[in-house]
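See structure below.
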Amino acid sequence: MNRNAPILLVLTGSFNPPHMAHLRLMEAARDYLLQQSLNVIGGVMSPVHDDYKRYKKTLIDYNERRAMVELATQNTWIKCSSWEGQQNTWTPTRQALEALQEEARLKYQEPNLVAKLVCGADLLESFNVPGLWKWDDIEKILGNHGLLVARREGSNPDKFIFKHDLCFKHQNNIRIVYDPINNDVSSTVLRTLASRKCSLRFLTPDAVCDYITEKKLYSSNSEQ
């Protein structure tokens, strides 16, 4: 990779709802690259299309999730991308990365800009799940974009990279990000708390807490 090429950090997901661990993951990834004197031009969080409900029955409406990501990232260096939600159907990660990269190249007038995928070790390890990923998509994500992987408790991404043929081939394009803050917050936990009418304060930005309360999101068992 050209060390002078601007980097756009991309975090994809359901964000159902977004929470502090999502934001912390982006922050840790940016810190890692900046400490290596690389040029991080920006970051986006991209909520998945409503069509993904066929895989995740608890997924609430896209417009609600997009609104929460916008609230979570307001006044930060991270922006919410609406590209996935504007498509006719769910878009595989590779296609979303390519589209977001092209958008950013036009926006910043930087033809060499590279969009890199930020993720947890669980996504990296999902490359081994039969039928979940197309081999060519993994090849293009690793070869053309690259990963910043958060090391999670109980995970061993270095071992996985060594054992996985494509990951080993592109190991120089996979960065393992260490964050000293052990954050086990999950969207599942937040949905459960909301359904029990418990406070979400300090687990997600206050604006998101207020939005969930105002809209009475996750109040029924079917939304957990």
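The values are calculated or read from the model by the stated rules, or taken from the named source; none is laboratory data. Predicted, not measured: the structure shown is a model, and the values here were computed from it. Every residue, glycine as well, gets a Cβ built from its backbone with ideal geometry; the counts of neighbours run over all protein chains shown. We work out accessible area using only protein heavy atoms, side chains counted, and drop any ligands, DNA or RNA first. Shrake-Rupley method; radii C 1.70, N 1.55, O 1.52, S 1.80 Å.
Observations, loosely collected:
- For beta carbons closer than 7 Å, sequence separation of 6+ or different chains, a first residue in region 108-123 that is among the aliphatic types (A, V, I, L, M) and a second that is open to solvent by 10 Å² or more (accessible area, probe 1.4 Å) and part of a loop (DSSP other than H, G, I, E, B), the qualifying pairs are VAL114/MET1; ALA121/ARG151; ALA121/ARG152; ALA121/SER155.
- Selection count, region 70-82, where residues are open to solvent by less than 40 Å² (accessible area, probe 1.4 Å) and closer than 21 Å to SER195 by Cβ: 1
- Checked against the criteria, GLY120 does not count as among the small types (Gly, Ala, Ser) and either within 14 Å of ARG94 (Cβ to Cβ) or open to solvent by 60 Å² or more (accessible area, probe 1.4 Å) (or both).
- Just one of the listed residues (GLY131, GLY120, GLY85) is within 20 Å of VAL69 (Cβ to Cβ) and modelled with pLDDT under 95, namely GLY120.
- Scanning region 126-141 for residues that are in a helix (DSSP H, G or I) and either open to solvent by 70 Å² or more (accessible area, probe 1.4 Å) or without any contact (Cβ under 8 Å) to a residue 24 or more places away in the chain (or both) yields SER126, ASN128, TRP135, ASP136.
- Residues in region 200-224 that are outside any helix (DSSP H, G or I) and charged (D, E, K, R) were compared, and the one that is least open to solvent (accessible area, probe 1.4 Å) is ARG201.
- Test: residue in region 5-21 that is open to solvent by 20 Å² or more (accessible area, probe 1.4 Å) and under 16 Å from LEU147 (Cα atoms): yes
- For the residues GLU110, GLU98, the requirement of being outside any loop (DSSP other than H, G, I, E, B), open to solvent by 30 Å² or more (accessible area, probe 1.4 Å), of a type in the set (Asp, Glu) and in contact with a strand residue (DSSP E or B) (Cβ under 9 Å, 6 or more places away or on another chain) singles out GLU98.
- All of THR204, THR213 fail the test of being free of Cβ contacts under 8 Å to residues at least 40 places away in the same chain and among the polar types (S, T, N, Q), apart from THR213.
- Filter pass, ASP158 being open to solvent by 10 Å² or more (accessible area, probe 1.4 Å), over 15 Å from SER14 (Cβ atoms), of a type in the set (Asp, Glu) and in a helix (DSSP H, G or I): yes
- Contacts under 6 angstrom Cβ, first residue in region 40-66 being free of Cβ contacts under 8 Å to residues at least 24 places away in the same chain, partner among the hydrophobic types (A, V, I, L, M, F, W, C) and crowded, with 18+ Cβ neighbours inside 10 Å, 6 or more apart: LYS53/LEU59
- Close Cβ contacts (under 6 Å, 6 or more residues apart or on different chains) running from residues in region 19-39 that are touching a residue at least 40 places away in the same chain (Cβ under 8 Å) to residues that are of a type in the set (D, E, K, R) and open to solvent by less than 60 Å² (accessible area, probe 1.4 Å) comprise ALA28/ASP179.
- Extreme residue, most open to solvent (accessible area, probe 1.4 Å), among residues of region 161-199 that are over 14 Å from HIS19 (Cβ atoms) and of a type in the set (Asp, Glu): ASP165
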